[in-house]
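Accompanying notes for the structure given below.
The values are calculated or read from the model by the stated rules, or taken from the named source; none is laboratory data. All values derive from a computational prediction rather than experimental measurement. Cβ sites come from the backbone with ideal geometry, for glycine too, and all protein chains shown count toward neighbours. Only protein heavy atoms, including side chains, enter the accessible area calculation; ligands, DNA and RNA are left aside. Shrake-Rupley method; radii C 1.70, N 1.55, O 1.52, S 1.80 Å.
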Amino acid sequence: MAEVIPAAVLRNLADKLYEKRKNAALDVEGIVKQLAAAGEHEKITAVINLLTTEFTYSPQANHRKGGLIGLAAATVGLTSDAAQHLEQIVPPVLNSFSDQDSRVRYYACEALYNIAKVVRGDFIVFFNQIFDALCKLSADSDANVQSAAHLLDRLVKDIVTESDQFSIEEFIPLLRERMNVLNPYVRQFLVGWITVLDSVPDIDMLGFLPDFLDGLFNMLSDSSHEIRQQADSALSEFLQEIKNSPSVDYGRMAEILVQRAGSPDEFTRLTAITWINEFVKLGGDQLVPYYADILGAILPCISDKEEKIRVVARETNEELRAIKADPAEAFDVGAILSIARSQLSSEWEATRIEALHWISTLLNRHRTEVLQYLGDIFGTLLTALSDPSDEVVLLVLDVHAAIAKDPQHFRQIVVFLVDKFRIDNSLLEKRGALIIRRLCVLLNAERVYRELSTILEGEPDLDFASIMVQALNFILLTSLELSEIRDLLKQSLVNPAGKDLYVSLYASWCHSPMAIISLCLLSQLLEPGRHIWLFKALYGLLMLLPQQSAAFKILKTRLKAVPSYSFNGEQLKRTPSGNPYQFLHQMPGGSQITEDGDITMDGGNSHNGINFAARLQQFQQVQHLHRLHSKAQVQSRKNSTSLSKNMVEAQKQEEPRRPQLSEINVPTSRSSSKRSPQV
């Protein structure tokens, strides 16, 4: 090529002085221009090969600088013919972007800038390689190289926006690979390109949004305010486009948003939940398969420490619950239930409450499907009865009551509830009254008490049965919710329904003497003239109480309040047995009631179907079992204590005998035999 490019030009092209290299490049430009005019493209190819092999790939930095400026000059000289030589010109320039010498990298940017100005749209075929190079240079350690790269980047953006040859399909994989880079300069570079490409009407960036959406959300937590602002601006623009677009792939993006809604960064969570809110409003059927995942993102945000997030999350939750999806249309009831169940263990009360609302909603809308998963959620619902929040417990009971509408599930729930009380005594102590009273309101008090009595009647754990009956008895006597049961029990001697309830409760109330007395007093005390033995029982209790105690004074006052007219018609008679204190009470039909509770009516011992003798025998049998149980426990403790003592004695006997001090041979020394000096 010496005959084409003079030796002096080649020497100047490799000179260390920039001015000489620049002048040599002008000479190369003129030579190539003449060759192009003459149509001698073979010689032009030879010139480009020379500049590439002898200069741009030279081990000498000045040669590489000269080669780059020479290739740019050759392109300028080719003008409109440059496109057919780009395959030779561009690769060596791109290779120089990774040169170890920062000045070479700088001149590579300058050279490519001049080449791009000449070829414009023909430059697009190398876009991906150029984008990759610019991405790296945007974070270059040399400020001058960064500045040159920014100038080149702006020119490339202009070329792309005006070109009709740009392939977004080929570019997106390249963009996706780099979206999770943490370098702030690269992030700015990427967001800049996303914004520019989205502004081009002929480029559908929205269609590829799922490919780089996660990367944009990742930038919302960047330490640089500028990057956060740029990412937020880009996301806001895309969200607006989604609202105006008739066709959007909500599903893929929903998966990303669900993950980002749990971000530790507050701004990221707010942006994600805002997007989810819009998706729930716009997505329609597309989002049905993702409802469970969306719910899993919403429920924790309902308790977020940031009020803005809580507000949007609650609104989204209501929007989602208002949508009536059909299980036949990919609506997964089991998945929704699983999410709600998992959130019942949340540390936040508001989240647990909304999870229960979801279970109630599903029960109301898809009862059959929910009951299929009853085994999966039942244990969690029972555990939730121990929740520290009363509101949560009441909602749990609402769910239990909704499940118990079916007879087979009613008994199952009561059985499980008794088991829960048996296992967790503190639950019975702290929440027993609340739970029982609420169930009585929701499921009919008489029905609940009858079922509990049936279960406790055969309870093998006698200690628990006694405690449970005492608790139920206290609730029965004091709770407003059970007033109808009390009224019914008061009619047990005249009303078949009251008698039936009395007999039903009596069977289990036998586990507690005080409870059985309370039941009898409740059922018959209001007629002391007819049932004097119960009235006397209260006087017996009065005699057992310390006279200075509050309980004594209260009971004494109440007994005085018993109206005297209740005893009209009674006669105090000496009985054949010689007992001057036995009352005989006249009843219609000539029957009598004695103080021992015997009702004599044609020689029988029952009234309104209640066999008192049989009831007394039933009570005695149950209490006999309790006494045997108590004796067995006492004996067990004695045996345990005796065994412990025997083990201690055995250990003492097995220990080797410690030798006495006199038996230990201690070598004496002259120093040890001396007496210590007195202080």
Which residues, counting only those in the range 316-350, are open to solvent by 20 Å² or more (accessible area, probe 1.4 Å) and of a type in the set (V, I, T)? I323, I339
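Here's the yes/no breakdown for (1) at pLDDT below 95; (2) in contact with a Phe, Trp or Tyr (Cβ under 7 Å, 6 or more places away or on another chain):
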position: Y106; (1), (2): no, no
position: V118; (1), (2): yes, no
position: V125; (1), (2): yes, no
position: A133; (1), (2): yes, yes
position: V160; (1), (2): yes, yes
position: R176; (1), (2): yes, yes
position: N180; (1), (2): yes, no
Index of the failed condition, L287 passing every other in (1) part of a helix (DSSP H, G or I); (2) surrounded by fewer than 16 Cβ atoms within 10 Å (Cβ to Cβ): (2)
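Residue-by-condition table, conditions (1) in contact with a His (Cβ under 7 Å, 6 or more places away or on another chain); (2) open to solvent by 20 Å² or more (accessible area, probe 1.4 Å); (3) under 21 Å from K281 (Cβ atoms):
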site: F171; (1), (2), (3): no, no, no
site: L175; (1), (2), (3): no, no, no
site: P201; (1), (2), (3): no, yes, no
site: N244; (1), (2), (3): no, yes, yes
Of the residues in the range 331-355, how many are of a type outside the set (F, W, Y), farther than 22 Å from Y290 by Cβ and in contact (Cβ under 8 Å) with a residue 12 or more places away in the chain? 5
L68, sole failed condition from (1) assigned to a loop (DSSP other than H, G, I, E, B); (2) touching a residue at least 40 places away in the same chain (Cβ under 8 Å): (1)
Does T75 meet the test of being closer than 23 Å to R154 by Cβ, out of contact with any strand residue (DSSP E or B) (no Cβ under 6 Å at 6 or more places or on another chain) and in a helix (DSSP H, G or I)? yes
Just to be sure I understand, how many residues within the range 130-153 are crowded, with 19+ Cβ neighbours inside 10 Å and assigned to a loop (DSSP other than H, G, I, E, B)? 2
When the residues of the range 240-273 are filtered to those that are out of contact with any helix residue (DSSP H, G or I) (no Cβ under 6 Å at 6 or more places or on another chain) and of a type in the set (V, I, T), which remaining residue is modelled with the highest pLDDT? T271
Screening L542, L534 for residues that are modelled with pLDDT of 75 or more, within 19 Å of L477 (Cβ to Cβ) and either open to solvent by less than 30 Å² (accessible area, probe 1.4 Å) or not small (G, A, S) (or both) leaves only L542
So which residues in the range 255-274 are open to solvent by 50 Å² or more (accessible area, probe 1.4 Å) and either closer than 16 Å to G296 by Cβ or not in a helix (DSSP H, G or I) (or both), if there are any at all? E255, Q259, G262, P264
If you go through the range 379-420 one residue at a time, how many are assigned to a helix (DSSP H, G or I), under 18 Å from R437 (Cβ atoms), open to solvent by 10 Å² or more (accessible area, probe 1.4 Å) and not hydrophobic (A, V, I, L, M, F, W, C)? 5
Criterion: modelled with pLDDT of 95 or more, surrounded by 17 or more Cβ atoms within 10 Å (Cβ to Cβ), over 34 Å from the mean Cα position of the chain (by Cα) and not acidic (D, E) - qualifying residue of L452, L489: L452
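Results for (1) among the small types (G, A, S); (2) not in a helix (DSSP H, G or I), shown as yes or no for each residue.
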| residue | (1), (2) |
| --- | --- |
| I172 | no, no |
| L182 | no, yes |
| A231 | yes, no |
| L239 | no, no |
| P246 | no, yes |
| M253 | no, no |
What are the residues in the range 360-378 that are over 21 Å from K420 (Cα atoms) and open to solvent by less than 40 Å² (accessible area, probe 1.4 Å), if any? S360, T361, L362, L363, H366, V370
Among the candidates L190, L220, residue that is modelled with pLDDT of 90 or more and within 24 Å of D142 (Cα to Cα): L190
Residues located in the range 50-89, provided they are surrounded by 18 or more Cβ atoms within 10 Å (Cβ to Cβ) and of a type in the set (S, T, Y): T52, T56, T75
Out of V118, V160, V156, I need the residue that is in contact (Cβ under 8 Å) with a residue 24 or more places away in the chain, of a type in the set (A, V, I, L, M), open to solvent by 40 Å² or more (accessible area, probe 1.4 Å) and under 22 Å from Q84 (Cβ atoms). Which one? V118
